[in-house]
Amino acid sequence: MRSNTIIITGVTQGDEKILKHFYKETMVYIRGYIIRNSGNTQDVEDVFQDAMIVLYLKLRSGLVELKSPIKTYFYGICKNIWRNRLRKQKKLLLTDSVHLFEKEVDTSFLIDIETNEREQLYRKHFQNLSLDNKKVLTLYFKGKSMKEISEITGYTEGYARKKKFEAKKSLLSMVEQDPLYEEIAVIPVLT
């Protein structure tokens, strides 16, 4: 078990050895949670990658004050990302089961406005990505699997996954630098 400081340094500096160790120590918990809550292996990998981007950006910002082990904090990020995806699919996570819920008429209008603002912010910065990054993310957003993306782009599956990770990281970085970012709170906050 590594200390928070070593892991934080490893994550912010991209230390491959520490990142692999962190992956091995946390993946089993993330996988268990997502699989138990209507997810599949692809969902686990996507949530883990998205959470690593969030963790990296939050740690690099210097605004995070950890009062618990970093693994616990990371697990919380993963849970929030997964819950947000389930909500988008009109599912609500309650304990360890998933229940369908109906939209509330009162809040649907506000949710639509928020969603529209977020989409516009992402679209604005999506246009600034390289053609390769746009292509990989477009295929991913269309629901293509990593295998399908690799076949379409000619990349190996591993490189396609890496390319998707880098493209999402680049997009998120541009979005966070936009003045509108703080107004609409793009990244979920841990509760």
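Residue 162: which lysines have alpha carbons under 21 Å from its alpha carbon, excluding same-chain residues fewer than 8 sequence positions away?
17, 20, 24, 58, 134, 135, 142, 144, 147
At q = 0.12, 0.19 Å⁻¹, what log₁₀ I(q)/I(0) does region 29-95 have when each alpha carbon counts as one equal point scatterer in the Debye sum?
The calculated log intensity ratios at q = 0.12, 0.19 Å⁻¹ are -0.31, -0.74.
Each value in this text was obtained by applying a stated rule to the coordinates, not by laboratory testing. A quick note: this is a predicted structure, and the numbers were derived from the prediction, not measured.
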